[in-house]
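Structure first, then comments.
The values are calculated or read from the model by the stated rules, or taken from the named source; none is laboratory data. From a predicted model like this one, the values you see are computed outputs, not experimental measurements. Here Cβ is always computed from backbone atoms with ideal geometry, including for glycine, and neighbour counts include all displayed protein chains.
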Amino acid sequence: MNRVVITGMGIYSCLGKNLEEVKKSLYAGKSGIGVDPIRISLGFRSALTGLLPEPNLKKMLKRRMRIGMGQESQYAYLATLEALEMAKVDDHYLDNNTIGLLYGNDSTAKSVIEGIDRLREVKDTTLLGSGNIFKSMNSTITMNLSTIFRFKGINFTISAACASGSHSIGLGYMFIKQGLQKMIVCGGAQEVNANGMGSFDGLGAFSIKMDDPTKASKPFDANRDGLVPSGGGATVVLESYDSAISRGANILGEVISYGFSSNGLHISQPSVEGPTRSLQMALDLAKINPSEIDYINAHATSTPLGDKHEAMAISSIFGGDNCPYVSSTKSMTGHECWMAGASEVVYSLLMMQNSFVAPNINLTEVAEEAKPLNIPTEAKKHNINTFLSNSFGFGGTNSSLIIRKTN
């Protein structure tokens, strides 16, 4: 079995347009949340969202490549560009090697809605544009990235709700571990426009604390009232250890385990047992003890039930005097949905590289079930050798990844 390492990463999020900007925001505990006036005009209960600059790819890609790219594909492209550059994967390498692509995306709303609106207006399908079909499919990101970067290996989209990005990394790890690929680009992306969020808002899942947007996302706080939607793109380059060493690549970390489970219960309500099984599986496959985990990036989205059940699952395994630091970067980013599992690996890698733990901001009154956890409210200087990242999603899908520094 091959060892699997990370040799590149890239990010485009409400915390920054690149790794350096995001690192500074994480350490400062800077929120990327604001209010979207379009949502107010549409009658949303909550107009809160992560705020991202709209990418302008006109000088980066020819029109024939851009016409099939929706918002999520643009985010993913920029994150992947940064990740490949860090991994020292240039045009020559792309043309002469087989590289795979596994990317998380579970819906593409804006492009679908715009296509239907256009059809209703013009009453002629030939006027929808040649790029509409490629923008509106769930596999839009992998279709676009594989074409732009000329990837020739495994190529498909992982659709697993808010665990999509994490499962993409887990599956990439398994393909490389088994020797089926030597390099796979993995990640997750999420559109940030209002089109994809109306149904969520209608469920009452979002925080309505719009008077102070940066304080609305409150994971593990007793007074949390819902999540804040967000998004962007996050990419990691996975590679076999032997491949990385042979080409002199810089190794950012090693994926040592991937735990997964399904709750098998309610379609939208979380459980304690499902995440606990995912966590325990990750530890068992890694053959490490809970005490060897230095940091846990919690899924915690700031929902009343979700945070409660995750806190109970974590404390059942890690609780006690030696509980590692636990924080939810969603306190700063909001819930990045299909992207979250990938972005939170990037956030945690940045912490590991720079020896700090990002704060769980907006935590003023710790919820009872979270009191056994070691949750920092300010950035902490801390040496991270091994971290665990949780991601859970609708339908009861759970993913837990363990990543460590290489020896």
Q | Residue in region 331-365 that is farthest from S199 (Cα to Cα), counting only those that are surrounded by fewer than 19 Cβ atoms within 10 Å (Cβ to Cβ) and touching a strand residue (DSSP E or B) at 6+ places or on another chain (Cβ under 7 Å) | A | S355
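What about S230, is it in contact with an Asp or Glu (Cβ under 7 Å, 6 or more places away or on another chain), surrounded by 21 or more Cβ atoms within 10 Å (Cβ to Cβ), modelled with pLDDT of 95 or more and among the hydroxyl-bearing types (S, T, Y)?
Values: in contact with an Asp or Glu (Cβ under 7 Å, 6 or more places away or on another chain): yes; surrounded by 21 or more Cβ atoms within 10 Å (Cβ to Cβ): yes; modelled with pLDDT of 95 or more: yes; among the hydroxyl-bearing types (S, T, Y): yes.
Spelling it out, S230 is indeed in contact with an Asp or Glu (Cβ under 7 Å, 6 or more places away or on another chain), surrounded by 21 or more Cβ atoms within 10 Å (Cβ to Cβ), modelled with pLDDT of 95 or more and among the hydroxyl-bearing types (S, T, Y).
Return the residues of region 328-366 that are part of a loop (DSSP other than H, G, I, E, B), small (G, A, S) and farther than 16 Å from K215 by Cβ; say none if nothing qualifies. Don't jump to the end; show me each part of the working.
Residues of region 328-366 part of a loop (DSSP other than H, G, I, E, B): 328-329, 334, 336, 355, 358-365.
Subset that is small (G, A, S): 328, 334, 355, 358.
Once the filter is applied, which keeps residues that are part of a loop (DSSP other than H, G, I, E, B), small (G, A, S) and farther than 16 Å from K215 by Cβ, region 328-366 yields S355, A358.
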Q.
Just the residues that are closer than 14 Å to F394 by Cα and of a type in the set (S, T, Y), please, taken from region 136-165.
A. S159, S164
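Being of a type outside the set (A, V, I, L, M, F, W, C), in a strand (DSSP E or B) and in the same structural domain as Q190 (by TED's automatic domain parsing) narrows it down to one of Y103, Y75, so name that one.
Details: Y75 fails: in a strand (DSSP E or B).
The conditions single out Y103.
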Q) Within region 99-122, is even one residue on the phi > 0 side of the Ramachandran plot and not hydroxyl-bearing (S, T, Y)? A) no
Q.
So V237 passes all but one of these: (1) within 30 Å of L51 (Cβ to Cβ); (2) of a type outside the set (D, E, K, R); (3) assigned to a loop (DSSP other than H, G, I, E, B). Which condition number does it fail?
A. (3)
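Take G104 and decide whether it is closer than 27 Å to P213 by Cα, in contact with a strand residue (DSSP E or B) (Cβ under 6 Å, 6 or more places away or on another chain) and either at pLDDT 95 or above or surrounded by fewer than 21 Cβ atoms within 10 Å (Cβ to Cβ) (or both).
no
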(Q) If G165 satisfies all but one of (1) assigned to a helix (DSSP H, G or I); (2) of a type in the set (G, A, S); (3) modelled with pLDDT of 95 or more; (4) over 17 Å from the mean Cα position of the chain (by Cα), what's the number of the condition it fails? (A) (4)
Q: Keeping to region 351-407, report how many residues are within 24 Å of L19 (Cβ to Cβ) and not polar (S, T, N, Q).
A: 21
Q.
Return the residues of region 361-378 that are farther than 19 Å from N322 by Cα and of a type outside the set (D, E, K, R); say none if nothing qualifies.
A. I361, N362, L363, T364, A367
Q: Six or more apart or on different chains, Cβ under 8 Å: which pairs go from a residue in region 194-206 that's assigned by TED's automatic domain parsing to the domain that holds L42 to one that's in a loop (DSSP other than H, G, I, E, B) and of a type in the set (G, A, S)? Could you list them?
A: G196/S107; D201/S46; L203/S268; G204/G226; A205/G226; F206/S46; F206/G226
Q. Does region 8-35 hold any residues that are surrounded by fewer than 21 Cβ atoms within 10 Å (Cβ to Cβ) and either at pLDDT below 95 or not in a helix (DSSP H, G or I) (or both), and which are they?
A. G16, K17, N18, G29, K30, G34, V35
